[in-house]
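The values are calculated or read from the model by the stated rules, or taken from the named source; none is laboratory data. Remember, it's a predicted structure, so these values are computed and weren't measured experimentally. Cβ: placed from backbone, ideal geometry, glycine included. Neighbour counts: every protein chain shown.
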Amino acid sequence: MKETIDTPSPPHSPTSSSEAEKGRSTVDLEEIGEREGYVLDTALAQNQNLQTTEDGRTVLIPQPSSSPYDPLNWSSKKKHIILIVVSATALLADYGSATGAVTLIQQAEQWNMTQDHVNHSQVGNVFMLGAGAPFVVGLAAYFGRYPVLFWFVVIALATAIWCAGAQTFESFMAARILNGFFSTVTQGGGLMFVKDMFFLHEQARKINIWSGFIVLSPYLGPLFAAFITSTQIWQWAFGVYSIITGLCLIAIMALGEETYYDRKTVQPELIPNGPRWQRMLGIQQWQSGYIINTPMDALMRPVTMLLKPVVFLSTIYYLVTFAWVVGINTTLAMFLPPVYGFGSKQIGFFYFTPIVAAILGEACGHWLHDFLAVFSTRRNKGHLEPEARLLAIWVATPFMIAGLVLMGFAMEGHYHYMVTALGWGLYVFGIMIVTVAINAYLLDSYPEASGEVAAWICFGRTTGGFIVSYFMVEWLNEQGARRQFGTMAAINVFAFLIAVVMQVWGKRMRVWGGRANFKTV
């Protein structure tokens, strides 16, 4: 699907007096798309008064209002600047988390503990990355996107500095747990911003950008930390993390904006009513009553979505698929030295493999997801069903299974380290494609619940990593790498079967589970 513009053509359909305040369309194409499949080709659309892209070929879903303050009507430059800021902030969570996978070597010596014991701080941080996500979207539904983004990153910066300055393990662990909760703000809630600013035909590529930062982040942290700790004390690794967090905070303050714009209710415009810093702090949203959700409404939104069958199954799928990313990453600094005699620098160089694999996966996904959507739409008489997004999992799964099996054989058989690196790269390449596919699927399934579905995917990802991090080292020591990674591959096969179930019966489950029916989008 061609991404030609970000500015829609003038609306053609008339609106009622209540809708005219924001120039709302009377047609809810998202509701129709959830039920019957999305129709993007204007030649097949029954209502010829729909707004389209400039070339007239693609229907805009959702239909934007006529207001210039509607995020869908913002310039392409403004949208993409905010997308990059949100995506870069999403990098913070796993970057900071995985930094501890390398620093634990020096910390164990300093605090006279085993590396496995110091790793408990890592596990606590990983768990909070997922636990914080439902809170992010709940608070955003009550206070607004921008203030939650700003205040969470402020506290993330404070706790990152605390990590760098901690003198005891207990203090360090407390800082790590709090940092995990607050740094997850756009990892758990980033899909809200994508949905707010971009039309359906653009969303897969934008999710691909956002997901690329997320998948890259757990490898960039150890990469830099390994080189830093080879010549400096471990505190400098978290010092660099604090600097990166501070830069993201500056970008949020200078370039961020409130992207929430509800087309379901009639309210005054938010943006003309005051300076941007008031929206950043949440003052304007609060004083104007711009968001009408009650605390209970906001609290129940994530709970409501978890009870939807396809959201629950997608969370389980991603939990058992992505768990090995976190498990491998948090323990690799302990795995590699006994097998290959690696020091800090060699471990750092080894992390180039997943970084290159993630970049290749992002580049491939830039075309793959749209290609599969177009392919499925043509076969389905012009209707794009959300389940079409799951076709990409068929492409990704062989790479993930082959990668895990190859890693297991290479590590136990002491094959050349490049063989181990190849296996790791294959797995990460597949994970990058899967991440976009599962997020795009849930966004198409429940467009009114973009934040909530992303929060549960984030929860699944980190919960799986939290669980396996506790026993990865003992598991390897007891069963060996070949059996360990073979079991991981077998679990990925089971996860693939879950995806097949959703692909075959997903629409029936969505109809049975019903729409979100939230008070606001």
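Here's the yes/no breakdown for (1) within 30 Å of D41 (Cβ to Cβ); (2) of a type in the set (F, W, Y):
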position	(1), (2)
G165	no, no
M173	no, no
F181	no, yes
F193	yes, yes
A204	yes, no
L220	no, no
L249	no, no
A254	no, no
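One line per residue, one yes/no per condition, for (1) over 30 Å from S445 (Cα atoms); (2) without any contact (Cβ under 8 Å) to a residue 60 or more places away in the chain; (3) buried (at least 23 other Cβ atoms within 10 Å of the Cβ); (4) in contact with a helix residue (DSSP H, G or I) (Cβ under 8 Å, 6 or more places away or on another chain):
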| position | (1), (2), (3), (4) |
| --- | --- |
| Y69 | no, no, no, yes |
| A88 | no, no, no, yes |
| T99 | yes, no, yes, yes |
| V102 | yes, no, yes, yes |
| A108 | yes, yes, no, yes |
| N112 | yes, yes, no, no |
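For a quick check of your reading of the model, give me the residue pairs whose first member lies in region 293-304 and is charged (D, E, K, R) and modelled with pLDDT under 90, whose second is in a loop (DSSP other than H, G, I, E, B) and surrounded by fewer than 17 Cβ atoms within 10 Å (Cβ to Cβ), with beta-carbon atoms closer than 8 Å and at least 6 apart or on different chains.
From region 293-304, the pairs are D297/K519.
Check off (1) within 19 Å of the chain's Cα centre (by Cα); (2) surrounded by fewer than 24 Cβ atoms within 10 Å (Cβ to Cβ) for Y317 and give me the number that stays unchecked.
Of everything listed in (1) within 19 Å of the chain's Cα centre (by Cα); (2) surrounded by fewer than 24 Cβ atoms within 10 Å (Cβ to Cβ), Y317 misses just condition (2).
Yes/no per residue for (1) touching an Asp or Glu at 6+ places or on another chain (Cβ under 6 Å); (2) touching a residue at least 40 places away in the same chain (Cβ under 8 Å); (3) over 30 Å from I32 (Cβ atoms):
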position	(1), (2), (3)
V405	no, yes, yes
F409	no, yes, yes
Y415	no, no, yes
A437	no, yes, no
F471	no, no, yes
Q484	no, yes, yes
A489	no, yes, yes
R510	no, yes, no
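Do you know which residues across region 51-80 are small (G, A, S), assigned to a loop (DSSP other than H, G, I, E, B) and out of contact with any Gly (no Cβ under 8 Å at 6 or more places or on another chain)?
Selection gives G56, S75.
Within the bounds of region 332-345, is there any residue that is assigned to a loop (DSSP other than H, G, I, E, B), touching a Leu at 6+ places or on another chain (Cβ under 9 Å) and either surrounded by 20 or more Cβ atoms within 10 Å (Cβ to Cβ) or not basic (K, R) (or both)?
Yes: region 332-345 contains one or more residues that are assigned to a loop (DSSP other than H, G, I, E, B), touching a Leu at 6+ places or on another chain (Cβ under 9 Å) and either surrounded by 20 or more Cβ atoms within 10 Å (Cβ to Cβ) or not basic (K, R) (or both).
Please work out which one of (1) over 24 Å from F518 (Cβ atoms); (2) at pLDDT below 80; (3) part of a helix (DSSP H, G or I) is the condition A20 fails and give its number.
Evaluating A20 over (1) over 24 Å from F518 (Cβ atoms); (2) at pLDDT below 80; (3) part of a helix (DSSP H, G or I) leaves (1) as the failure.
Which one is modelled with the lowest pLDDT among residues in region 261-281 that are polar (S, T, N, Q) and part of a loop (DSSP other than H, G, I, E, B)?
Once the filter is applied, the top-ranked residue is Q267.
For region 304-315, does any single residue satisfy the condition of being in a helix (DSSP H, G or I) and within 30 Å of V473 (Cβ to Cβ)?
Yes, region 304-315 contains a residue that is in a helix (DSSP H, G or I) and within 30 Å of V473 (Cβ to Cβ).
Run down T321, T330 and say which single residue is closer than 30 Å to I498 by Cβ, modelled with pLDDT under 90 and not aliphatic (A, V, I, L, M).
T330
What number of residues within region 174-204 satisfy the criterion of being surrounded by 19 or more Cβ atoms within 10 Å (Cβ to Cβ) and either farther than 30 Å from R57 by Cβ or of a type in the set (K, R) (or both)?
15
With the requirement that a residue be under 15 Å from N439 (Cβ atoms) and either touching a Lys or Arg at 6+ places or on another chain (Cβ under 8 Å) or touching a residue at least 60 places away in the same chain (Cβ under 8 Å) (or both), what does region 371-399 give you?
L372, A373, P386, E387, R389, L390, L391, I393
Tell me, which helices (runs of 4 or more DSSP H) lie completely within region 406-521 with 3 or more residues that are surrounded by 17 or more Cβ atoms within 10 Å (Cβ to Cβ) and under 17 Å from the mean Cα position of the chain (by Cα)?
417-445, 450-469
Among the residues of region 377-422, which ones are of a type in the set (G, A, S) and within 15 Å of R483 (Cα to Cα)?
Across region 377-422, the qualifying residues are A402, G403, G408, A410, G413.
Restricting to region 351-404, count the residues that are touching a Ser or Thr at 6+ places or on another chain (Cβ under 9 Å) and part of a loop (DSSP other than H, G, I, E, B).
Adding up the residues that qualify gives 2.
Say whether the condition of being more than 24 Å from I401 (Cα to Cα) and not aromatic (F, W, Y) is met by at least one residue in region 319-339.
For region 319-339, residues more than 24 Å from I401 (Cα to Cα) and not aromatic (F, W, Y): present.
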